[in-house]
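These notes are about the structure you will find just below.
The values are calculated or read from the model by the stated rules, or taken from the named source; none is laboratory data. Model, not experiment: these values are computed from the prediction. Cβ placement follows ideal geometry from the backbone for every residue including glycine, while neighbour counts extend to all protein chains displayed. We work out accessible area using only protein heavy atoms, side chains counted, and drop any ligands, DNA or RNA first. Shrake-Rupley method; radii C 1.70, N 1.55, O 1.52, S 1.80 Å.
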Amino acid sequence: MSAAPTIPLNSLSASEIKARVRGLDWSHVAHELDAQGSAVLKHLLSPEECIALASLYSNDDLFRSRIVMSRHGFGSGEYKYFKYPLPPLVAELRTAVYPHLVLVANRWNEQMGIDVRFPAQHAEFIQRCHNTGQTKPTPLLLQYEAGDYNCLHQDLYGEHVFPLQLAILLSEPGRDFQGGEFVMTEQRPRMQSRAEVVPLRQGDGVIFAVHHRPVQGTRGVYRVNLRHGVSRVRSGHRHTLGVIFHDAE
């Protein structure tokens, strides 16, 4: 991957990111989340922004830890958690997207009989995390090469869990890599699990359920358990930005 300027990461103002995020069809996103447990945000980032973000992976000063998946049984590949302060584009995405998901998150918890409700602004929720010792930032960059994959998992990290998260594909399928599809599974009570492959292009984001979501059945609402991962990369290199809204212990 060629070197990229840092201009896209530093020149975008908070108002520009908010305007871009505000322009998305959030009613459609809510409908897709209710129906499928995931929703695609097309063209969330430009190709230049994707390349610039992926190029940060080699700068260890930006990260608090590096995880080699094979050492922990997580799969094959690696990822790095950003440290505070987050890169401006990552921080603004986290702040701008969160308010559009709060209504869904609170409605889901109400339907599932979970008492927790989430505040309107992300800063308030992060303060809630920090007050109970969840102080480590969770946004991360993931890097895959040929043969790498990410096992099905859930990103929980502590007591306080926002029920939705965002992943953005920074590489272009077919050009930068082959394979490496984003995969979700849904475990339904007394039924076989359902698999969903979410097609993404460079710059597309996907909002998806972290842990569980409500589903309307013939006898009322029931809870389904979700996991997500990445299928085997057949060739090339794949980078992803993960934006998790709660912090870690």
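Note on Ser46 and Glu16: their simple-model spin labels are 0.7 nm apart, each label 7 Å out from Cα toward Cβ. Rounded to whole numbers, the Karplus 3J(HN,Hα) couplings from phi for region 219-224 are 10, x, 7, 10, 9, 10 Hz, using 6.51 cos²θ - 1.76 cosθ + 1.60 with θ = phi - 60°, and x at Gly and Pro. Here's the picture: a label point sits 7 Å out from the Cα of Ile67 along the beta-carbon direction, and within region 231-245 the residues with their amide nitrogen under 19 Å of it are 231-233, 238-245.
Using just its DSSP H runs of length 4 or more, each adding -39500 (n - 2.57), the chain gives a mean residue ellipticity at 222 nm of -8500 deg cm²/dmol after division by all residues. With a Förster radius of 22 Å, plug the Cβ-Cβ distance of Arg234 and His153 into 1/(1 + (r/R0)^6) and report the FRET value to the nearest 0.05. According to the calculation, E is roughly 0.55.
The local environment of Thr135, defined by Cβ-Cβ distances under 9 Å, has a net charge of -1 under the rule Lys, Arg +1 and Asp, Glu -1.
Amide H to amide H distances under 5 Å link Val224 with Arg213, Val215, where only residues 5 or more positions off or on other chains count and H is placed in the peptide plane. Extension gain for Arg194 to Asn225 (0.36 nm times residue separation, less C-alpha to C-alpha distance): 10.1 nm. Given a 1.4 Å probe and the protein chains as shown, Ser58 ends up with an accessible area of around 100 Å². For the pair His100 and Glu145, a Förster radius of 45 Å applied to the C-beta separation gives a FRET efficiency near 0.85, rounded to the nearest 0.05. Taking 0.36 nm per residue of separation and subtracting the current Cα-Cα distance, fully stretching the chain between Ile114 and Gln127 would add 2.6 nm. Distant-in-sequence amide contacts of Phe82, defined by a placed amide H-H separation under 5 Å and a gap of 5 or more residues or a different chain, comprise Arg64, Leu140, Leu141. Atom-type composition of the exposed protein surface of the chain places 50 percent of the accessible area on carbon and sulfur (1.4 angstrom probe). Of the trypsin sites (Lys or Arg not before Pro) found in region 19-56, those that fall in a DSSP loop while having at most 16 other beta-carbon atoms within 10 Å are Lys42.
Each Lys or Arg adds one and each Asp or Glu takes one away; over the other residues whose Cβ falls under 13 Å from the Cβ of Ala39, this sums to -3. What the phi angles of region 174-190 give under the Karplus curve with 6.51, -1.76 and 1.60, with θ = phi - 60°, is a coupling list of x, 9, 8, 7, 10, x, x, 6, 7, 10, 10, 10, 10, 8, 9, x, 6 Hz, glycine and proline written as x.
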